[in-house]
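The values are calculated or read from the model by the stated rules, or taken from the named source; none is laboratory data. No experiment lies behind these values; they were computed from the predicted model shown. Every residue, glycine among them, receives a Cβ derived from its backbone with ideal geometry; neighbour counts consider all protein chains shown.
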Amino acid sequence: MYRIPLGDYVEKIIAWMTDKLAPLFDIVRNILLTIVESIETGLTIVPSYIMIVIIALLLWKFRNRELAIFSVIGMLVIESIGLWDETMLTLSLVVTATMIALIIGLPLGVWMSRSNKVNNVVRPILDFMQTMPAFVYLIPAVYFFNLGPVPGVFATVIFAMPPVVRLTSLGIRQVPKDVIESSLAFGSTSKQLLTKVQIPLAMPTILAGLNQTIMLSLSMVVISAMIGAKGLGEVVLNGIQRMQVGQGFEGGLAVVILAMLLDRITQGFGDSKPNLETN
């Protein structure tokens with residue numbers, strides 16, 4: 001059977017993009033690097049113990065006492081094993097990738113919910129993005145941005161964005177038709193229907209998508225250590241390469257604590273029911 005040289009075509013496309021779009025990639029690289037470094041500086045400029053107290057007090061006030069206590073214990077464990085700076089770098093990568101995924105994903109999800117044609121076109125693309133092995137995204141990312149945290153963020157956005165797009169579209173589509181009809185009957189415009197009815201009612205589903213995006217971002221950021229993203233992923237990777245079980249376990253434990261903390265915080269966002277404006 002004739003073999004389709006699909007891989008050769010992909011390599012030619014990537015090579016063409018790397019050559020022709022190099023100035024654009026340089027601009028994107030500088031912007032992303034500035035964002036990551038700014039967030040990392042903001043997280044590390046405050047001493048770790050003061051940061052732990054601040055986070056615990058905020059969680060106690062806006063969430064609950066149990067989560068605040070868990071955050072203190074978890075972050076003290078991270079500090080005690082000497083991985084505070086690596087954890088903050090990993091967190092800065094996750095925050096950057098999640099923000100970009102939300103900026104792109106939320107409007108795309110809204111668009112999908114309002115157009116069946118867009119939904120039919122975008123869904124297969126999301127399937128491709130979500131099922132392609134994560135390691136594959138590292139290759140073009142290195143071509144475009146060289147080694148470092150920026151290609152890690154780029155690959156993470158592609159890998160982690162589908163859940164927030166899907167669940168935003170799903171949440172809006174699942175708003176009861178009688179609620180929509182009642183809103184239209186009271187004279188709501190299309191914009192008012194979206195912002196004051198559909199999005200508030202869909203918010204628990206949208207926040208579930210946010211939670212999944214954050215968890216996927218964290219897993220991808222760890223994998224991105226293979227292309228120089230550093231952080232906790234580098235600790236785990238060094239433990240594997242040097243066959244140091246203890247170092248690998250410490251890095252993995254810090255990842256688990258960070259993942260659990262982010263998961264509990266984002267789950268708490270959806271605890272309260274949405275309030276619809278009545279006037």
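Computed quantities for the displayed model
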{"read-out": "Among the residues listed as Ala101, Ala97, the single one being within 30 Å of Gln247 (Cβ to Cβ), surrounded by 17 or more Cβ atoms within 10 Å (Cβ to Cβ) and among the aliphatic types (A, V, I, L, M)", "value": "Ala97"}
{"read-out": "Close pairs from segment 29-46: first assigned to a loop (DSSP other than H, G, I, E, B), partner surrounded by 14 or more Cβ atoms within 10 Å (Cβ to Cβ), Cβ under 7 Å, at least 6 apart", "value": "none"}
{"read-out": "Single match in Gly270, Gly252 (criterion: under 28 Å from Met129 (Cα atoms) and at pLDDT below 80)", "value": "Gly270"}
{"read-out": "Of the criteria (1) under 30 Å from Glu79 (Cα atoms); (2) buried (at least 20 other Cβ atoms within 10 Å of the Cβ); (3) at pLDDT 85 or above, which one Ser169 fails", "value": "(1)"}
{"read-out": "Exclusive hit being touching an Asp or Glu at 6+ places or on another chain (Cβ under 9 Å) and either surrounded by 13 or more Cβ atoms within 10 Å (Cβ to Cβ) or over 30 Å from Gln192 (Cβ atoms) (or both), set Glu86, Glu79", "value": "Glu86"}
{"read-out": "Scan of segment 113-124 for residues that are part of a helix (DSSP H, G or I) and under 17 Å from Ile180 (Cβ atoms), ordered by number", "value": "Ser113, Arg114, Asn116"}
{"read-out": "Meets criteria (part of a loop (DSSP other than H, G, I, E, B) and in contact (Cβ under 8 Å) with a residue 12 or more places away in the chain) for Val175", "value": "yes"}
{"read-out": "Residue among Ser38, Ser71 that is of a type in the set (S, T, N, Q) and in contact with a Ser or Thr (Cβ under 9 Å, 6 or more places away or on another chain)", "value": "Ser38"}
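Residue-wise test of (1) small (Gly, Ala, Ser); (2) assigned to a helix (DSSP H, G or I); (3) buried (at least 20 other Cβ atoms within 10 Å of the Cβ); (4) at pLDDT below 90.
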position: Val165; (1), (2), (3), (4): no, yes, yes, no
position: Ser188; (1), (2), (3), (4): yes, no, no, yes
position: Leu216; (1), (2), (3), (4): no, yes, yes, yes
position: Ile223; (1), (2), (3), (4): no, yes, yes, yes
